[in-house]
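As structure tokens, the structure follows; a few thoughts come after it.
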Amino acid sequence: MYEADATRKPVHNISKSPTGIDGLDEITGGGLPTARTTLICGGPGSGKTLVGLSFLVNGARRFGEPGVLMSFEESTADLADDVASLGFDLPGLIAQGKLLIDYVRIDRSEIEETGEYDLEGLFVRLEHAIRTVGAKRIVLDTIESLFGGLSNETILRAELRRLLRWLKDRQLTVIITGERDADRLTRQGLEEYVSDAVILLDHRVREEISTRRLRIIKYRGSHHGTNEYPFLIGRDGLSVLPVTSLTLDHAAPTERVGTGVAPLDAMLGGRGFFRGSTVLVSGMAGTGKTSLAATFADAACRRGDQCLYFLLEESPRQMMRNMRSIGLDLGHWRERGLLHLHADRPSRFGIEAHLAGMYRAIKEIRPQAVVVDSITDLLSLGAQAEIRAMLVRLIDHLKTDGITALFNSLTPGAGEMQESHTAVSSLMDVWLLLTLEQAGDSRQRRMAVLKARGMAHSNRVYTFNLTQQGFEVAGPEAEAGPAGAQRAGG
């Protein structure tokens, strides 16, 4: 047994100011360093100004901290128009005295590079703005415009240090935005001199699909996420999408929910899935994956659960029409407000936008069951590792909310029971495999439970048909028994 080290100093956590940006406060451990400077850098259109404005608007609306934006590029009217569609009412905040925007027009041709060049005029304007609203937060957008006319590096750095020291003496939490250079984080290489934290924004386009990434380059005195995180600029503003749980501490409900197929419930120990579990259904085209997913959704609605169904291959009307052939009237549940069908083409958005849309729908509907049909359609949006990372985050979010989820996945061919195309089977609690095999002059559909964590399940392969009454599982083996069941270890 270890003894406590009496000489060890207690951990000191620096004070932080929350940004109010979904996900960013989680990966920074609470927000940006209070009374210090953070550099937000990135290329044109990467979202630098929006991060700064979000920090100010959320500070004024949610955290009782008025702010000042000193813009060297856009006027107040232009900025207000730019963010009005995101729900940011800049004129309203200005009228309430919670926000002040000062547009400083700089003509580089008028800047004289002499030893007497300084920022006294800027200090006067900042002092007036800070006192006017009692500001706690400041954003300077962008630093290149302020110092763009200077080529004397000594003067530039001296004045910049003086500016930051002036701001720090007033206990202001500061964001400075900067344009990324080809070889450096900023055009003038200022990142090592100006900031206690540096956040890099990246907007890239690959195979005609755009993606956005955020990475924390440094954060003095604080632990923080070091990975690249996808982020999205959507109708609700900017959000880092999504942030997974820092620890694996999901709840483990013991309640069971039926699959909608009684013989399949029997194969799963007679009771179906654990509520809050994740289920992967994989198989070739035509094996009945969508039929099983729709039956699961129907069973959820029969229990009175809200079910959210994401369609990536068919329109809602087409899917509902097709399911009537196996006796499912999904339109009935939709009319009653229990079934919610969300259809979208995978190629319409990048990974982040799809994930954001799913998060938004889950937040609005608060379902107890979710279906994604099918995750294979997302493969065209990025590398396998990126798709897997997206699904890890989605699964984590579903588990955190205790939502039972079923994912369909298309396998590349018949034959051996094989790994899902998206390599997410290891993330799933239950894995079902559907196959279509030649048997004489006909083909037979077969079903097997490859794994079912924490529950007894059959280790046999069952034949089934799709009829007007739904799933018809053939043979007496459909009933679980000592010879047909095993205890799942994981």
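The values are calculated or read from the model by the stated rules, or taken from the named source; none is laboratory data. This is a predicted model, so every value here is computed, not measured. Glycine also receives a Cβ, built like all others from the backbone with ideal geometry; neighbour counts cover every protein chain displayed.
Laid out as a table, the results:
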read-out	value
Given (1) surrounded by fewer than 20 Cβ atoms within 10 Å (Cβ to Cβ); (2) closer than 17 Å to residue 372 by Cβ, index of the condition residue 292 fails	(1)
Residue within region 261-278 that is part of a helix (DSSP H, G or I) and under 20 Å from residue 376 (Cβ atoms) present	no
From the options 30, 92, 52, residue that is over 19 Å from residue 146 (Cβ atoms) and under 28 Å from the mean Cα position of the chain (by Cα)	30
Counted residues, region 164-180 - those being in contact with a Lys or Arg (Cβ under 6 Å, 6 or more places away or on another chain) and either within 26 Å of residue 131 (Cβ to Cβ) or modelled with pLDDT under 75 (or both)	2
Test result for residue 337, without any contact (Cβ under 8 Å) to a residue 40 or more places away in the chain and farther than 21 Å from residue 399 by Cβ	yes
Some residue of region 104-124 being surrounded by 12 or more Cβ atoms within 10 Å (Cβ to Cβ), at pLDDT 90 or above and either more than 22 Å from residue 19 (Cα to Cα) or in contact with a helix residue (DSSP H, G or I) (Cβ under 8 Å, 6 or more places away or on another chain) (or both)	no
Counted residues, region 357-394 - those being in contact with a strand residue (DSSP E or B) (Cβ under 7 Å, 6 or more places away or on another chain), among the β-branched types (Val, Ile, Thr) and either without any contact (Cβ under 8 Å) to a residue 12 or more places away in the chain or surrounded by fewer than 22 Cβ atoms within 10 Å (Cβ to Cβ) (or both)	2
Any hit, region 403-412, residues being part of a helix (DSSP H, G or I), at pLDDT 85 or above and not assigned by TED's automatic domain parsing to the domain that holds residue 228	no
Some residue of region 349-358 being β-branched (Val, Ile, Thr), within 25 Å of residue 259 (Cβ to Cβ), assigned by TED's automatic domain parsing to the domain that holds residue 426 and in contact with a Ser or Thr (Cβ under 9 Å, 6 or more places away or on another chain)	no
Matching option when the condition is surrounded by fewer than 15 Cβ atoms within 10 Å (Cβ to Cβ), assigned by TED's automatic domain parsing to the domain that holds residue 130, at pLDDT 75 or above and among the basic types (Lys, Arg), among 161, 206	161
Test: residue 342 is over 23 Å from residue 429 (Cβ atoms) and either in contact with a Leu (Cβ under 8 Å, 6 or more places away or on another chain) or of a type outside the set (Lys, Arg) (or both)	yes
Residues of region 154-179 classified as among the β-branched types (Val, Ile, Thr) and more than 37 Å from the chain's Cα centre (by Cα), total	2
Pairs where the first residue, in region 91-105, is without any contact (Cβ under 8 Å) to a residue 40 or more places away in the chain and assigned by TED's automatic domain parsing to the domain that holds residue 133 and the second is in a helix (DSSP H, G or I) and hydroxyl-bearing (Ser, Thr, Tyr), C-beta under 6 Å, 6+ apart	100/132; 101/76; 103/76
Top-ranked residue in region 49-77 [being charged (D, E, K, R) and surrounded by 14 or more Cβ atoms within 10 Å (Cβ to Cβ); ranked as nearest to residue 39 (Cα to Cα)]	73
Condition check for residue 80: farther than 25 Å from residue 356 by Cβ and either at pLDDT below 95 or surrounded by 21 or more Cβ atoms within 10 Å (Cβ to Cβ) (or both)	no
Residues (polar (S, T, N, Q) and under 20 Å from residue 201 (Cα atoms)) located in region 21-57	28, 37, 38, 46, 49, 54
Among (1) over 30 Å from residue 134 (Cβ atoms); (2) aliphatic (A, V, I, L, M); (3) modelled with pLDDT under 85 - the single one residue 200 does not satisfy	(3)
Where residue 252 falls short, out of the listed (1) surrounded by fewer than 24 Cβ atoms within 10 Å (Cβ to Cβ); (2) over 30 Å from the mean Cα position of the chain (by Cα)	(2)
Region 213-244: number of residues that are at pLDDT below 80, part of a loop (DSSP other than H, G, I, E, B) and either within 15 Å of residue 50 (Cβ to Cβ) or of a type in the set (Gly, Ala, Ser) (or both)	4
Residue list for region 438-462, restricted to those being surrounded by fewer than 15 Cβ atoms within 10 Å (Cβ to Cβ) and more than 38 Å from the chain's Cα centre (by Cα)	438, 439, 440, 441, 442, 443, 444
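For (1) assigned by TED's automatic domain parsing to the domain that holds residue 438; (2) at pLDDT below 95; (3) in contact with a Cys (Cβ under 7 Å, 6 or more places away or on another chain), each residue gets a yes or a no:
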position: 246; (1), (2), (3): no, yes, no
position: 269; (1), (2), (3): yes, yes, no
position: 272; (1), (2), (3): yes, yes, no
position: 287; (1), (2), (3): yes, yes, no
position: 291; (1), (2), (3): yes, no, no
position: 300; (1), (2), (3): yes, no, yes
position: 312; (1), (2), (3): yes, yes, no
